[in-house]
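Colleague: Take a look at the following structure, please.
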Amino acid sequence: MARARLTILLTVFMLLTGVLGWENGRPSSPTAVGAEPTDESYQYTLLFARVLQMVRQDYVDESKVDYRDLTYAALRGMLESLDPHSQFLDEDAFQDMQRETTGEFSGLGIVVGMKDNAIVILSPMEDSPGGRAGLMPGDRILRINGKSTEKMTLLMATHALKGNPGETAALTLLRPVAGTPGGGTVFEVTLTRETIRVASVKEARLLSATMAGPDKIGYIRIEEFGENTSDEVDHALEGLEEQGMQALVIDLRNNPGGLLDSAVDVAGKFLPPGTVVVSTKGRTPDQTQEFLARGQREQAGYPMVVLINSYSASASEIVAGALKDLNRAILVGETTFGKGSVQSVQPLGNGVGLRLTTAKYYTPSGKSIQGVGITPDIEVPITDEEERRIVLTESQQAFSPNQAADAAKTVDRQLERAVSALRSVRIYNERQAELNAMPKAGVGR
């Protein structure tokens, strides 16, 4: 009987893992259905099935040997061993992912990532529990509900942070202090989860005359790239152009990314139709693609600056890289995060799914983003303290009298440098136009 169960397990697992050649919902070569599996694949699949059956039969705690729980745990471990972004998505995680792409989900309102082998906050969302509590990009999460994050994967941390509206989460965080590597201020916050509704475009306005002088310089800050981002950017551009905008700053600082199609659409608003915005390269032909600008709106010729920093990641790096490579914008700020891998999401049925890294992003000039990021044309590094003041000012909230005082004296040197660059471009273009309009000296006879 045990041998029969083992044979059934082995057959099922071979089907699940592709030993019989089932990939992307169709038979594949060289191990198509009906073909003999390789000796190596058979050997290790048999090993897995044997261990699974031994655990089922002999493990001391019978409550922990449910087939579903053991299989899910094995799949999580397998995917997490590959990279921080590949994940097995159980029923809850798969539903969360689908909700997040529509711009609404339940949680604390903080986007986290791995940096220097630690769980760090990439971006606190405005008008969310994390944003209102004053959490900042770069804050390192040490504990979640008393549990250390030292050995947590990104998936484990993300799962621990999520929950139902009304539930609380206690976080212990480390806020780095410049000049003290590994050190900083440790503090604790308790946050109540709520339904988060994300608007991609958080600000769209003409900069004040105090900053821009006589120039009409538009400013659009994009918090992330979701399903509605392209439409929101269109609406913002229309409003600014109606006000006579002469130049534009797009602020992608602390933007953790989002949907690839959304990034392509936003970059494509400023590029000729058919221009390659980004390409991907993977192991299979279907993962090697070029994504082209669709020419959704009339091209405007005004000069542009894109603001970036070390927490601009993924989709925001695609936009910045494309506009830089194609000489459509000047990049100002700091080198970006360097998250340039592509995750394909595959539903597996019964409410579960797989998020798998299948390719890497490449800018139009063929440069990989992964691990290196996008470098600015004009580097303007700022301190952690300056970064916090800018985030506080952008949130338009004052969390304490001291923070309000800090916000009042905030100088955004990166934005100032962007404005200076745009004004310089305007002056140069005007002088070139005057030079071209001057009558050419004729040749005497």
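Colleague: Conditions first: (1) modelled with pLDDT of 90 or more; (2) buried (at least 16 other Cβ atoms within 10 Å of the Cβ). PHE94 passes all but one, so which condition is the exception?
Modeller: Here PHE94 meets the rest and fails (1).
Colleague: Return the total of residues in the range 322-337 being within 14 Å of the chain's Cα centre (by Cα) and either surrounded by fewer than 22 Cβ atoms within 10 Å (Cβ to Cβ) or at pLDDT 95 or above (or both). Quick ask: steps written out before the conclusion?
Modeller: Step one: of the range 322-337, the residues within 14 Å of the chain's Cα centre (by Cα) are 336-337.
Retained after the next criterion (residues that are either surrounded by fewer than 22 Cβ atoms within 10 Å (Cβ to Cβ) or at pLDDT 95 or above (or both)): 336.
Going through the range 322-337 one residue at a time, the tally reaches 1.
Colleague: Is there a residue being of a type in the set (Ser, Thr, Tyr), touching a strand residue (DSSP E or B) at 6+ places or on another chain (Cβ under 9 Å), assigned to a loop (DSSP other than H, G, I, E, B) and without any contact (Cβ under 8 Å) to a residue 60 or more places away in the chain anywhere in the range 328-338?
Modeller: Just the residues of the range 328-338 that are of a type in the set (Ser, Thr, Tyr), to begin with: 335-336.
Checking which are touching a strand residue (DSSP E or B) at 6+ places or on another chain (Cβ under 9 Å) leaves us with 335-336.
Narrowing further to those that are assigned to a loop (DSSP other than H, G, I, E, B): 335-336.
Now restrict to residues that are without any contact (Cβ under 8 Å) to a residue 60 or more places away in the chain: 335-336.
Yes.
Colleague: Which residue pairs have Cβ atoms under 7 Å apart, sit 6 or more places apart or on different chains, and have a first residue in the range 65-83 that is farther than 19 Å from VAL342 by Cβ and a second that is modelled with pLDDT under 95 and of a type in the set (D, E, K, R)?
Modeller: Taking only residues 6 or more apart or on different chains, the pairs are VAL65/ARG56; TYR72/ASP90.
Colleague: Please state which one of THR149, THR71, THR168 is in contact with a Leu (Cβ under 9 Å, 6 or more places away or on another chain), polar (S, T, N, Q) and open to solvent by 60 Å² or more (accessible area, probe 1.4 Å). Spell out how you get there, then give the answer.
Modeller: Numbers: THR149 fails: open to solvent by 60 Å² or more (accessible area, probe 1.4 Å); THR71 fails: open to solvent by 60 Å² or more (accessible area, probe 1.4 Å).
Only one candidate qualifies: THR168.
Colleague: Also, quick follow-up: Give me a count of the residues in the range 292-331 that are of a type in the set (Phe, Trp, Tyr) and within 20 Å of GLY257 (Cα to Cα).
Modeller: Quick first cut of the range 292-331, residues of a type in the set (Phe, Trp, Tyr) only: 302, 311.
From the residues that got through so far, the ones that are within 20 Å of GLY257 (Cα to Cα) too are 311.
Qualifying residue count, the range 292-331: 1.
Colleague: Among PHE48, PHE13, which is the only one that is of a type outside the set (A, V, I, L, M), out of contact with any Gly (no Cβ under 7 Å at 6 or more places or on another chain), at pLDDT 90 or above and surrounded by 15 or more Cβ atoms within 10 Å (Cβ to Cβ)?
Modeller: Working: PHE13 fails: at pLDDT 90 or above.
Exactly one of PHE48, PHE13 is of a type outside the set (A, V, I, L, M), out of contact with any Gly (no Cβ under 7 Å at 6 or more places or on another chain), at pLDDT 90 or above and surrounded by 15 or more Cβ atoms within 10 Å (Cβ to Cβ), namely PHE48.
Colleague: Somewhere in the range 123-143, is a residue within 30 Å of GLY77 (Cα to Cα), at pLDDT 85 or above and among the polar types (S, T, N, Q)?
Modeller: There is no residue in the range 123-143 that is within 30 Å of GLY77 (Cα to Cα), at pLDDT 85 or above and among the polar types (S, T, N, Q).
Colleague: I'm told GLY349 meets every condition in (1) small (Gly, Ala, Ser); (2) buried (at least 16 other Cβ atoms within 10 Å of the Cβ); (3) more than 19 Å from VAL411 (Cα to Cα) except one. Can you identify the failing condition by its number?
Modeller: (2)
Colleague: Is it true that some residue in the range 202-218 is open to solvent by 30 Å² or more (accessible area, probe 1.4 Å) and of a type in the set (Ser, Thr, Tyr)?
Modeller: yes
Colleague: If you don't mind, another one. Would you confirm, using the coordinates I've provided, whether GLY340 is on the phi > 0 side of the Ramachandran plot and within 21 Å of the chain's Cα centre (by Cα)? Explain how you work it out, then say what you get.
Modeller: Details: on the phi > 0 side of the Ramachandran plot: no; within 21 Å of the chain's Cα centre (by Cα): yes.
Here the answer is no, as GLY340 does not meet what is asked.
Colleague: Before we move on, is LEU142 touching a residue at least 12 places away in the same chain (Cβ under 8 Å) and either under 30 Å from GLU203 (Cα atoms) or in contact with a helix residue (DSSP H, G or I) (Cβ under 7 Å, 6 or more places away or on another chain) (or both)?
Modeller: Working: touching a residue at least 12 places away in the same chain (Cβ under 8 Å): yes; either under 30 Å from GLU203 (Cα atoms) or in contact with a helix residue (DSSP H, G or I) (Cβ under 7 Å, 6 or more places away or on another chain) (or both): no.
No.
Colleague: Moving on to the next point. What number of residues within the range 371-392 are buried (at least 18 other Cβ atoms within 10 Å of the Cβ) and either modelled with pLDDT under 90 or not hydrophobic (A, V, I, L, M, F, W, C) (or both)?
Modeller: 8
Colleague: Please go through the range 185-204 and pick out each residue that is part of a strand (DSSP E or B) and either in contact (Cβ under 8 Å) with a residue 40 or more places away in the chain or closer than 30 Å to GLY239 by Cα (or both). Can you show your working first?
Modeller: Applying the first criterion (part of a strand (DSSP E or B)) to the range 185-204 yields 185-192, 194-197, 201-204.
Answer for the range 185-204, where residues must be part of a strand (DSSP E or B) and either in contact (Cβ under 8 Å) with a residue 40 or more places away in the chain or closer than 30 Å to GLY239 by Cα (or both): VAL186, VAL189, LEU191, THR192, GLU194, THR195, ILE196, ARG197, VAL201, LYS202, GLU203, ALA204.
The values are calculated or read from the model by the stated rules, or taken from the named source; none is laboratory data. Model, not experiment: these values are computed from the prediction. Using ideal geometry, Cβ is built from the backbone for each residue, glycine included, and neighbour counts are taken over all protein chains shown. The protein model used for the area step is the full one, side chains on, heavy atoms only, and it has no ligands, DNA or RNA in it. Shrake-Rupley method; radii C 1.70, N 1.55, O 1.52, S 1.80 Å.
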